[in-house]
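The values are calculated or read from the model by the stated rules, or taken from the named source; none is laboratory data. In this text, all values refer to a predicted model and were calculated from it rather than measured experimentally. Quick reminder, even Gly has a Cβ in these numbers, built from the backbone with ideal geometry, and neighbours come from all protein chains shown.
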Amino acid sequence: MGIINRLREIFAIEELKNKILLTIGLIAVYRFMAAVPLPGIDPLQLTALKDGTSSGLLGLLNAFTGGAFSRASVMALGIMPYISASIVVQLMGIAVPYLQKLQKDGESGRKKITQITRWLTIAITLVQAPTYIGTIQNSFGLGPEAFLVTGPTFWISSIIILTAGTIFAMWLGERITDKGIGNGISLLITVGIIASFPAAFMQEVVSKTTNAGAGGIMMILIEVIVWFVVILLTVLLVTAVRKIAVQYARRTVAGNIQNVQGSRDYIPLKLNAAGVMPIIFAQAIMFLPIALAQRFPAIASLQDINGLWYNVIFALLIIIFSFFYTAITIPTNKMAEDLKRSGGFIPGIRPGKDTADRLDSVLSRITFPGSLFLAALSILPAIVYQFGVQQGWSMFYGGTSLIIMVGVAIDTLQQINAYLLNSHYDGLMKTGNSNRKSNK
């Protein structure tokens, strides 16, 4: 009954209802486009492509695109080029003075950075599109009957369509962010991941119930319980914060500076401040063995995402990138200056440099266990795979997929709750105004 009442509250707010319906509609359009194959390809002849992208790193990439990669869809590259462009622009912001200036220019600077990201997305797509076409033609054993059109006509048209598909996915994500509910780009990735969930779970059920000695329904029940525990731990990782007590000597209230003795607040430092970015960085590097395996057979074993050395290197990269990304995204010096400017200080710590050093020290101490937790969660799919869990189902036990899904779910629910809270405040204000008018 609680869920039903909450849904009634949500759909009773016209603005929130329209945002949710718009979001669902745009996601439906994205999923429909992901099923449309490239012109000149026979979708009935893509069995080899689907088998070749069912596991390994390509299987992970296929999951992020909601299966569009294995369908040779017009959305085969999905939103991934946009994510790559965003990461590049964010990293360049550390070293390029022009981007640093834009980051400080507020809304106008943000719009320019967004425009730069869009153009870089197109450039990355124009590089990835021919690579994708060449890969499906040469690396998966597709017969000539799979390609109804060949030659320059097929290449040029496919590159244009794949680029247009990525631009359209980027536009859908931005529209969801601006007009819908939640972060559009993250929602598109999440929906793509969830799209493979039913098939992966049913494959696991069939495997456990048809194979003698696999454990049957009891093993499925144990796996589901473990999965829920992992989800709970992921929620704790995403939401855990260390609160740093702050004392304010003065506060600005209604334009007047008032002395507020003993007024306390907190600076929340997240246990996993880098979010899912360390995993994305690490996986981008771990994609290199696919390209280099033919020239350097010694590293061919790193293509196995369930292998020992792959996961050892993967975990180490995640720990390193956790510290790196936290250091570049959490400006402790700026936080200390802002705190000093607003009349705040950490009890027992002098404002300015000492405060920045204190914040940096605390952030480093909590980032270490956070990075270890993140690394353990990232290699958990490989661990459960060793216990007989199917490849597709094991992906939902951790890694990028689970962290993205949990993070997006929490962010979306927080936005919905904010709308509900504002609606209640508006209702109270209207009631108060009507009471005052009746008293008059």
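Within region 142-192, the set of residues being within 25 Å of Ile13 (Cα to Cα) and surrounded by fewer than 13 Cβ atoms within 10 Å (Cβ to Cβ) comprises just one member, Asp178. If you scan region 325-334, which residues turn out to be surrounded by fewer than 17 Cβ atoms within 10 Å (Cβ to Cβ) and part of a loop (DSSP other than H, G, I, E, B)? Scanning region 325-334 gives a single hit, Pro331. Please verify whether region 175-185 includes one or more residues that are closer than 13 Å to Leu26 by Cα, small (Gly, Ala, Ser) and not in a helix (DSSP H, G or I). For region 175-185, residues closer than 13 Å to Leu26 by Cα, small (Gly, Ala, Ser) and not in a helix (DSSP H, G or I): present. Only residues that are closer than 19 Å to Asp42 by Cβ, surrounded by fewer than 16 Cβ atoms within 10 Å (Cβ to Cβ) and of a type in the set (A, V, I, L, M) were counted across region 111-141, and they come to 0. Would you call Arg8 at pLDDT 75 or above, assigned by TED's automatic domain parsing to the domain that holds Ile161 and charged (D, E, K, R)? Here the answer is no, as Arg8 does not meet what is asked.
Only one residue in Ser438, Ser401 is in a helix (DSSP H, G or I), at pLDDT below 80 and closer than 30 Å to Lys19 by Cβ. Which one?
Numbers: Ser438 fails: closer than 30 Å to Lys19 by Cβ.
Answer to the check: Ser401.
Conditions: (1) acidic (Asp, Glu); (2) modelled with pLDDT of 80 or more; (3) more than 23 Å from Ile280 (Cα to Cα). Glu145 meets all but one. Number of the miss? Only one criterion is unmet by Glu145, namely (2). Gly109 passes every criterion in (1) under 30 Å from Ile161 (Cα atoms); (2) in contact with a helix residue (DSSP H, G or I) (Cβ under 6 Å, 6 or more places away or on another chain); (3) not aromatic (Phe, Trp, Tyr) apart from (1). A count restricted to region 138-159 and to residues that are part of a helix (DSSP H, G or I), over 34 Å from the mean Cα position of the chain (by Cα) and under 22 Å from Leu126 (Cα atoms) stands at 2.
Condition check ((1) in contact with a helix residue (DSSP H, G or I) (Cβ under 6 Å, 6 or more places away or on another chain); (2) modelled with pLDDT of 80 or more; (3) assigned to a strand (DSSP E or B)) across all residues:
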{"site": "Ile257", "(1), (2), (3)": "no, no, yes"}
{"site": "Ile299", "(1), (2), (3)": "yes, no, no"}
{"site": "Ala315", "(1), (2), (3)": "yes, yes, no"}
{"site": "Phe321", "(1), (2), (3)": "yes, yes, no"}
{"site": "Ala336", "(1), (2), (3)": "yes, yes, no"}
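If the condition is being free of Cβ contacts under 8 Å to residues at least 60 places away in the same chain and farther than 20 Å from Val276 by Cα, then region 372-400 contributes only Phe387. Within region 341-365, being in a helix (DSSP H, G or I), touching a helix residue (DSSP H, G or I) at 6+ places or on another chain (Cβ under 7 Å) and free of Cβ contacts under 8 Å to residues at least 40 places away in the same chain holds for Thr355, Ala356, Asp360.
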